[in-house]
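This report concerns only the one structure given below.
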Amino acid sequence: MKKLVIIPCYNEQEAIVQTVREIQNKAPDFDYVVINDCSADNTKQILLDNHIRFIDLPINLGIGGAVQTGYLYARDHGYDAAVQVDGDGQHDPAFLPAMFEEMTAKNADMIIGSRFIKKEGFQSTFARQMGIRYFTGLIHQVTGATITDPTSGLRMVNRKLISYFAENYPKDYPEPESTVAALKNGCKVVETPVIMRSRHGGKSSINLNRSVYYMIKVSMAIIVEGQRKHAGL
């Protein structure tokens with residue numbers, strides 16, 4: 001089966017080479033594509049110098065647009081599974097083979113790597129943990145499902161969701177909203193324990209000034225997505 005790693009990348013000159021090399025070493029059965037989201041630093045030149053496969057976006061689309069570009073690539077090239085691995089080094093690709101095996105064994109449509117099942121490794125800041133718990137509760141109210149790590153970017157989907165997300169994917173802060181979309185479309189979503197790390201470089205797009213916007217925007221998106229009529233996939 002064809003498996004693709006989608007690596008959204010914005011200003012990750014410090015970490016992107018190590019991220020790609022880790023995927024090649026720890027998950028050699030997976031192909032990869034970097035989505036360079038119009039980085040303003042030296043990322044593009046580093047990708048070129050290291051002969052790393054990438055799609056160069058002419059304008060900055062944000063995390064949602066970058067990941068959706070990856071899903072379009074996966075759909076158009078016939079991949080059976082696709083997984084997001086962030087370009088900042090937080091996600092350990094050593095977990096990818098086991099995630100694929102578990103997704104297949106459980107006949108799941110999406111499998112999310114959760115740092116909060118075994119509570120090992122980097123657990124994020126206290127404030128972000130509180131925000132994550134809030135989204136866990138909101139998603140449970142909307143869908144009835146308990147997702148312990150709804151903001152985790154380490155998520156793998158099958159061909160069915162590749163096709164869906166290639167056409168329908170949130171534009172920014174997409175993880176909680178896309179999880180709700182999968183659940184409301186009747187897809188099976190499971191979590192598996194993983195160990196995450198602190199960033200190898202760069203900085204998060206969510207700062208103090210954007211936190212309030214993030215909470216309001218994602219909350220509204222989850223509620224709206226939960227109320228939409230879904231035909232099922």
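As a summary of the residue check, Ile23 satisfies the conditions (1) outside any helix (DSSP H, G or I); (2) closer than 18 Å to His91 by Cα; (3) open to solvent by less than 80 Å² (accessible area, probe 1.4 Å) except for the one numbered (1). Anything in segment 98-115 that is open to solvent by 50 Å² or more (accessible area, probe 1.4 Å) and of a type outside the set (Val, Ile, Thr)? List them, or say none. Result: Ala98, Glu101, Ala105, Lys106, Asn107. Given the structure, is Gln129 of a type outside the set (Val, Ile, Thr) and part of a helix (DSSP H, G or I)? Here the answer is yes, as Gln129 does meet what is asked.
Which residue is most open to solvent (accessible area, probe 1.4 Å), if the candidates are limited to segment 56-76 and must be hydrophobic (A, V, I, L, M, F, W, C) and more than 23 Å from Ser152 (Cβ to Cβ)? Among those that are hydrophobic (A, V, I, L, M, F, W, C) and more than 23 Å from Ser152 (Cβ to Cβ), it is Ile59.
Every condition in (1) out of contact with any Asp or Glu (no Cβ under 9 Å at 6 or more places or on another chain); (2) open to solvent by 30 Å² or more (accessible area, probe 1.4 Å); (3) of a type in the set (Phe, Trp, Tyr) is met by Tyr10 except one, and the failing one is (1). Among the numbered conditions (1) open to solvent by less than 20 Å² (accessible area, probe 1.4 Å); (2) of a type outside the set (Asp, Glu); (3) modelled with pLDDT of 95 or more, the only one that Gly226 does not meet is (3). Being touching a residue at least 40 places away in the same chain (Cβ under 8 Å), within 18 Å of the chain's Cα centre (by Cα) and over 14 Å from His91 (Cβ atoms) holds for only one residue in Asn60, Asn36, and it is Asn60.
The condition (being at pLDDT below 95 and closer than 16 Å to Tyr173 by Cβ) is satisfied by just one residue among Arg155, Arg128: Arg128.
Would you confirm, using the coordinates I've provided, whether Asp29 is among the charged types (D, E, K, R), outside any helix (DSSP H, G or I), modelled with pLDDT of 95 or more and under 29 Å from Cys187 (Cα atoms)? It is true that Asp29 is among the charged types (D, E, K, R), outside any helix (DSSP H, G or I), modelled with pLDDT of 95 or more and under 29 Å from Cys187 (Cα atoms). Would you confirm whether or not segment 117-135 contains a residue that is surrounded by 14 or more Cβ atoms within 10 Å (Cβ to Cβ), at negative phi and within 14 Å of the chain's Cα centre (by Cα)? Within segment 117-135 (the criterion being surrounded by 14 or more Cβ atoms within 10 Å (Cβ to Cβ), at negative phi and within 14 Å of the chain's Cα centre (by Cα)), the answer is no, since none of the residues qualifies. On inspection, Gly137 does not qualify as over 23 Å from Ile55 (Cα atoms) and not in a helix (DSSP H, G or I). On the stretch given as segment 136-177, residues that are touching a His at 6+ places or on another chain (Cβ under 7 Å) and open to solvent by 40 Å² or more (accessible area, probe 1.4 Å) total 1.
For Lys188, indicate whether it is out of contact with any Ser or Thr (no Cβ under 6 Å at 6 or more places or on another chain), under 23 Å from Gln141 (Cβ atoms), modelled with pLDDT of 95 or more and open to solvent by 50 Å² or more (accessible area, probe 1.4 Å). Against the criterion (out of contact with any Ser or Thr (no Cβ under 6 Å at 6 or more places or on another chain), under 23 Å from Gln141 (Cβ atoms), modelled with pLDDT of 95 or more and open to solvent by 50 Å² or more (accessible area, probe 1.4 Å)), Lys188 qualifies.
The values are calculated or read from the model by the stated rules, or taken from the named source; none is laboratory data. Remember, it's a predicted structure, so these values are computed and weren't measured experimentally. FYI the Cβ positions are ideal-geometry reconstructions off the backbone, even for glycines, and counts take in every protein chain you see. Note: areas computed on protein heavy atoms with side chains; ligands, DNA, RNA excluded. Shrake-Rupley method; radii C 1.70, N 1.55, O 1.52, S 1.80 Å.
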